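K.L.:
Before I ask anything, let me first share the structure, which is written out below as structure tokens.
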Amino acid sequence: MVSVYARGVQGLIQDPWLQPVAEGDAPEVSPRPATDLSVPASQPPNHPADSSALPDSSGSSQTNIREPIDANAGEPGPNERDPAASAELNQQSDDQKLSVGEKVGYGLGDTASNLYWKTFEFFLIYFYTDVFGLTAKSAGTLMLVTRIWDAINDPLVGYLADRTRTTWGRFRPYLVWMSVPFAITGMMTFYTPDMGPTGKLVYAYITYTLVMMAYTAINIPYGALMGVISSNSIERTSVSTYRFIAAFCGGIVVQYCTLGMVAYFGGSETTVVDGVTKEIVLNEQRGFFLTMCVFSVAAVLLFLITFATTKERVQPVADSKSTFRADIKFVLSSLKLHQVMLLGLALLACLATAFETQTLLPILGGYVVLSLVSVAVRAYALKRFADVSEGSTFEMDFNDLLSNRPWMVLFGFGLLQLSGLFVRGGAILYYFKYYCGDASIAPTFWVLGSFAAIAGMLLTKTMTRIFGKKLLMIGMNAGVALITAAFFFLEPDQITEMLALQVAASFIGGPVPVLLWAMYADTADYSEWRSGRRATGLVFAAATFSQKMGCAVGAAMTGFALSFYQYAQPIEGVEQLQSSTTLQGMRMMMSLIPAGFLLASAVCLMFYGISKPLSEQIERDLQARKFSDFTDASPDESGSPS
């Protein structure tokens, strides 16, 4: 099945768009079919781009017919350009500088997101196995199976956000519309119903699917908002730093406060076990539910602050005339799209069943049957929508995405890196509770790591200037992999060494999230530079999907590994003695397994093709196009467009 998937992907990427681009030459691009273009009225664009994206608020719905411009040929040089026009561009750049209040307000949205994300990373598997009552294997399978809907949900949210039109903009409205559903589904996920094992399993599938849908519906537009908050790359980098510092603050709240809040709301008593004084929570089910209620209410308030303090400034160049029926025709008739989805689902099914040999043949059979259904659906769609002649912007967006090699590399990187981080993150509480014998060490371990990561993040700008994004990312991930592997050699009583390694790894890896989303923004610019179109919503929706898939794979592997290493769950709240095999497995999950994923992610980045000189050229060319669009739309002295 893996080889089938590899061949499918290879077929998809055999495209001239994926050939390397010389840094000094812009690619030759066939112009899109001409459409009637118009510049929409000034309105704040809400867009699901990433924090440092440079999206036009129209995202995938905008179509720029102009071919990419060769920086060395097609445009006037700095000394040839009209001084008045250059002054106009400089004034526009100055107008898009952001206040500290707006940057902080935007960052608080990621504080809200991290109240959920870090709770999922560090506590969800533990909650499902030790509190809710699922088996470790069932919890791991749940993490993967619920991602099937994300394959549809994530691109759908990006598609809708790109086409949203309100007086509030394109993306900001989602912060209001989805904040309450986001809160309710979060509370439901951490509620333990009075049901049997089957009922609980069904409830867990439903609630976790709903909370991830709500997370997608608010977080993709939130990320895109950063892309349209300013067209100034320096301002976007600054906003990105504020965002991730705020995100780490949310993570610190979760790491430091969650266990204490669970004990407070659930009630606790102190007891002595094997000569060690421990605090026992009397009702962890109640404690986790009320703790999540507090986080949920806080998240709503923070998202509303983000909505109130931010403004969308980057306007779309033009809107296309693609219709919904044209997009539906593409979705139903594109065999390429069908195969991408079917191959992905097949791989996901293999992962969900841990590649058990008895399941491979049924999965392959299902893939073949659904492929035949795909052919029949295509024939029906071509007949049913035969009257649709206009092109689909969604088709253009999809093809642009698959032909964007740097984005494909980052997709693989995000999948590998977050898989490793979530394996380790999910194992931390088990590691300290059972291997070290004291779960109370975990909050200190987490918080020290977060502060170290913030310190490292503050050096992002300096380190990027010295090494460049690509080299810095490779070095950081390789370094974190080596430090993570060193945990394998520590004994249970070497707590000081554990804390020291955590600080070192977190400090080195601190700039990674800032750089990753900045690099996703670069791939959105790269796509527009090559194709003359921008599909920022789909770019970042697909990027978010890769992040969620990486987290799902990592969380699932935590459950599968616990099951493989024969983890003994608590029985009626009473902890069980773990075997030496289980304790050895927890060491592996804390060290060598995540280190392998992190090292693989560093290797993946070697294929990333946007260098610093090419990135600077892309920015110059895109600014030149916007200048050209501005002058083309400006009226001459007679009042007619020039």
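K.L.:
Considering only residues that are polar (S, T, N, Q) and over 29 Å from Leu144 (Cβ atoms), look in the stretch 358-411 and name the one that is modelled with the highest pLDDT. Write out each step before concluding.
P.N.:
Going through the stretch 358-411, the residues polar (S, T, N, Q) turn out to be 358-359, 371, 374, 389, 392-393, 399, 403-404.
Add one more test, that the residue is over 29 Å from Leu144 (Cβ atoms), and what stays is 389, 392-393.
On the way: Ser389: 82, Ser392: 79, Thr393: 76.
So, considering only residues that are polar (S, T, N, Q) and over 29 Å from Leu144 (Cβ atoms), the one modelled with the highest pLDDT is Ser389.
K.L.:
For the stretch 216-243, enumerate the residues that are under 22 Å from Gly550 (Cβ atoms), crowded, with 24+ Cβ neighbours inside 10 Å and of a type outside the set (Val, Ile, Thr).
P.N.:
Listed by number, the residues that qualify are Asn219, Pro221, Tyr222, Gly223, Ala224, Met226, Gly227, Ser240, Arg243.
K.L.:
Assuming Phe355 fulfils every condition listed in (1) farther than 21 Å from Ser392 by Cβ; (2) modelled with pLDDT of 90 or more apart from one, which condition is it?
P.N.:
(2)
K.L.:
Here's something else I'd like to know. Could you pull out the residue among Thr460, Thr444 that is more than 20 Å from His338 (Cα to Cα), β-branched (Val, Ile, Thr), touching a residue at least 60 places away in the same chain (Cβ under 8 Å) and surrounded by fewer than 23 Cβ atoms within 10 Å (Cβ to Cβ)? Steps first, please.
P.N.:
On the way: Thr444 fails: touching a residue at least 60 places away in the same chain (Cβ under 8 Å).
Thr460 is the lone residue from the list that is more than 20 Å from His338 (Cα to Cα), β-branched (Val, Ile, Thr), touching a residue at least 60 places away in the same chain (Cβ under 8 Å) and surrounded by fewer than 23 Cβ atoms within 10 Å (Cβ to Cβ).
K.L.:
From the list Val388, Val331, which one is surrounded by 14 or more Cβ atoms within 10 Å (Cβ to Cβ), farther than 28 Å from Met549 by Cα and in contact (Cβ under 8 Å) with a residue 12 or more places away in the chain?
P.N.:
Just a single option satisfies the conditions, and that option is Val388.
K.L.:
Mind checking which pairs have a first residue in the stretch 121-145 that is farther than 11 Å from Tyr205 by Cα and a second that is buried (at least 24 other Cβ atoms within 10 Å of the Cβ) and among the β-branched types (Val, Ile, Thr), Cβ under 6 Å, 6 or more apart or different chains?
P.N.:
Ile125/Thr558; Ala136/Thr129
K.L.:
While we're on this one: Between Arg165, Arg147, which is in the same structural domain as Gly425 (by TED's automatic domain parsing), at pLDDT below 85 and under 28 Å from Ile428 (Cβ atoms)?
P.N.:
Arg147 is the lone residue from the list that is in the same structural domain as Gly425 (by TED's automatic domain parsing), at pLDDT below 85 and under 28 Å from Ile428 (Cβ atoms).
K.L.:
Restricting the stretch 541-583 to residues that are among the aliphatic types (A, V, I, L, M) and assigned to a loop (DSSP other than H, G, I, E, B), which is surrounded by the most Cβ atoms within 10 Å (Cβ to Cβ)?
P.N.:
Per the criteria, the residue is Ala568.
K.L.:
Criterion first (at pLDDT below 90 and either among the acidic types (Asp, Glu) or assigned to a loop (DSSP other than H, G, I, E, B) (or both)) does Ile610 satisfy it?
P.N.:
yes
Every residue, every condition in (1) within 23 Å of Arg236 (Cα to Cα); (2) small (Gly, Ala, Ser); (3) touching a Pro at 6+ places or on another chain (Cβ under 9 Å); (4) modelled with pLDDT under 85, yes or no:
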site: Ala602; (1), (2), (3), (4): no, yes, no, no
site: Leu614; (1), (2), (3), (4): yes, no, no, yes
site: Gln623; (1), (2), (3), (4): yes, no, no, yes
site: Phe627; (1), (2), (3), (4): yes, no, no, yes
site: Thr631; (1), (2), (3), (4): no, no, no, yes
site: Ser634; (1), (2), (3), (4): no, yes, yes, yes
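K.L.:
Any chance the stretch 179-186 includes a residue that's crowded, with 20+ Cβ neighbours inside 10 Å and modelled with pLDDT under 85?
P.N.:
No, the stretch 179-186 has no match at all.
K.L.:
Are any residues in the stretch 252-272 farther than 24 Å from Ala453 by Cα, assigned to a helix (DSSP H, G or I) and among the β-branched types (Val, Ile, Thr), and if so, which ones?
P.N.:
If the condition is that a residue be farther than 24 Å from Ala453 by Cα, assigned to a helix (DSSP H, G or I) and among the β-branched types (Val, Ile, Thr), then Val262 is the only one that fits.
K.L.:
To continue, here is another question. Scan the stretch 267-289 and tell me whether some residue there is in the same structural domain as Phe171 (by TED's automatic domain parsing), crowded, with 20+ Cβ neighbours inside 10 Å, in contact (Cβ under 8 Å) with a residue 24 or more places away in the chain and β-branched (Val, Ile, Thr).
P.N.:
Scanning the stretch 267-289, I find no residue that is in the same structural domain as Phe171 (by TED's automatic domain parsing), crowded, with 20+ Cβ neighbours inside 10 Å, in contact (Cβ under 8 Å) with a residue 24 or more places away in the chain and β-branched (Val, Ile, Thr), so the answer is no.
K.L.:
So Thr270 fits all but one of (1) polar (S, T, N, Q); (2) under 30 Å from Glu102 (Cα atoms); (3) in contact with a Ser or Thr (Cβ under 8 Å, 6 or more places away or on another chain); what number is the exception?
P.N.:
(2)
K.L.:
Looking at the stretch 257-265, is at least one residue more than 15 Å from Ala442 (Cβ to Cβ) and assigned by TED's automatic domain parsing to the domain that holds Leu515?
P.N.:
Here is the first cut: in the stretch 257-265, the ones more than 15 Å from Ala442 (Cβ to Cβ) are 264-265.
Then drop every residue that is not assigned by TED's automatic domain parsing to the domain that holds Leu515, which leaves 264-265.
Yes, there is a match, as at least one residue in the stretch 257-265 is more than 15 Å from Ala442 (Cβ to Cβ) and assigned by TED's automatic domain parsing to the domain that holds Leu515.
The values are calculated or read from the model by the stated rules, or taken from the named source; none is laboratory data. All figures in this text were calculated on a predicted structure; none of them were measured in a lab. A quick note on method: Cβ atoms are made from the backbone with ideal geometry, for glycine too, and the neighbour counts reach across all protein chains shown.
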